[in-house]
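Undergrad: Next up is a structure, given as structure tokens.
The values are calculated or read from the model by the stated rules, or taken from the named source; none is laboratory data. Values in this document were obtained by computation on a predicted structure and should not be read as measured data. Don't worry about glycine lacking a Cβ; one is built from the backbone with ideal geometry, like all the others, and counts go over all protein chains shown. Heads up: the accessible areas ignore ligands, DNA and RNA and are worked out on the full protein's heavy atoms, side chains in. Shrake-Rupley method; radii C 1.70, N 1.55, O 1.52, S 1.80 Å.
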Amino acid sequence: MSGFIAVVNTDGAPIDRGLLETLTASLYFRGPDRQKLWADGAVGFGHTLFITTDEARHENQPASLDDKVWITGCIRVDAREDLLRKLGLQRDIRLADTPDSHLVLHAYRALGQQCLEHLLGDYSFALWDSEQRTLFCARDRFGLRQLVYAQLPGTFIASNSVH
């Protein structure tokens, strides 16, 4: 059960990297295997990885396929082959080497926010679309993965942990 934090300064102020590092480090108990940060202007993501599947060994969040859309989350996608078939990518992607976060990115690229209609599994994530300048946060339809958020003056924060 990995940990993640997403911070968007809605007032446009650049991300305080030290604060992002501190917030990410506070999630170590959720993901002791790897920590990584990404920040671009007023948006920053932090992720702590807990490797629980073979695919997770390839996980490297925050992640992007094109440096335009970024994701961080605690994600387990079921029916992976079916999802690739729906997206028409079964010949292009080797599932054994593809982390679940990349499957969500491919689904978002093809379907936008409607990708949730095709995702099976348990997940919560934050996704930053730099072209649309939007933060898209979601959790599985049964709420198995926690997603919490706070709107503060000038800042929006989303995570899968409150402490």
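Undergrad: Can you find, within region 14-68, the residue that is surrounded by the fewest Cβ atoms within 10 Å (Cβ to Cβ) among those that are of a type in the set (S, T, N, Q) and within 22 Å of Gly154 (Cβ to Cβ)?
TA: Filtering region 14-68 for residues that are of a type in the set (S, T, N, Q) and within 22 Å of Gly154 (Cβ to Cβ), the one surrounded by the fewest Cβ atoms within 10 Å (Cβ to Cβ) comes out as Thr22.
Undergrad: Right, next: Any idea which of (1) surrounded by fewer than 20 Cβ atoms within 10 Å (Cβ to Cβ); (2) within 23 Å of Arg145 (Cα to Cα); (3) touching a residue at least 12 places away in the same chain (Cβ under 8 Å) is the one Ile5 doesn't satisfy?
TA: So the condition that Ile5 fails would be (1).
Undergrad: Which condition does Gln114 not pass, out of (1) open to solvent by 50 Å² or more (accessible area, probe 1.4 Å); (2) part of a loop (DSSP other than H, G, I, E, B), if it passes all the others?
TA: (2)
Undergrad: Taking into account only those residues within region 117-144 that are open to solvent by 40 Å² or more (accessible area, probe 1.4 Å) and touching a strand residue (DSSP E or B) at 6+ places or on another chain (Cβ under 7 Å), which is nearest to Val104 (Cα to Cα)?
TA: Ranking the qualifying residues of region 117-144, first place goes to Leu120.
Undergrad: Looking for something farther than 25 Å from Leu19 by Cβ, in contact (Cβ under 8 Å) with a residue 24 or more places away in the chain and hydrophobic (A, V, I, L, M, F, W, C) - is there at least one such residue anywhere in region 132-154?
TA: The answer is no; no qualifying residue exists.
Undergrad: Determine, yes or no, whether Leu37 is more than 21 Å from Ala138 (Cβ to Cβ) and in contact with a Leu (Cβ under 7 Å, 6 or more places away or on another chain).
TA: Spelling it out, Leu37 is indeed more than 21 Å from Ala138 (Cβ to Cβ) and in contact with a Leu (Cβ under 7 Å, 6 or more places away or on another chain).
Undergrad: Sticking with this one: Just to check your reading of the model, which residue among Thr10, Thr48 is at pLDDT 95 or above, of a type in the set (Val, Ile, Thr) and not in a strand (DSSP E or B)?
TA: Exactly one residue qualifies, and that residue is Thr10.
Undergrad: Now a separate question. Residue under question is Thr72, and the condition is that it be open to solvent by 50 Å² or more (accessible area, probe 1.4 Å), outside any helix (DSSP H, G or I) and of a type in the set (Ser, Thr, Tyr); does it hold?
TA: no
Undergrad: Between Ser2, Ser26, which is small (Gly, Ala, Ser) and out of contact with any helix residue (DSSP H, G or I) (no Cβ under 7 Å at 6 or more places or on another chain)?
TA: That would be Ser26, the only listed residue that is small (Gly, Ala, Ser) and out of contact with any helix residue (DSSP H, G or I) (no Cβ under 7 Å at 6 or more places or on another chain).
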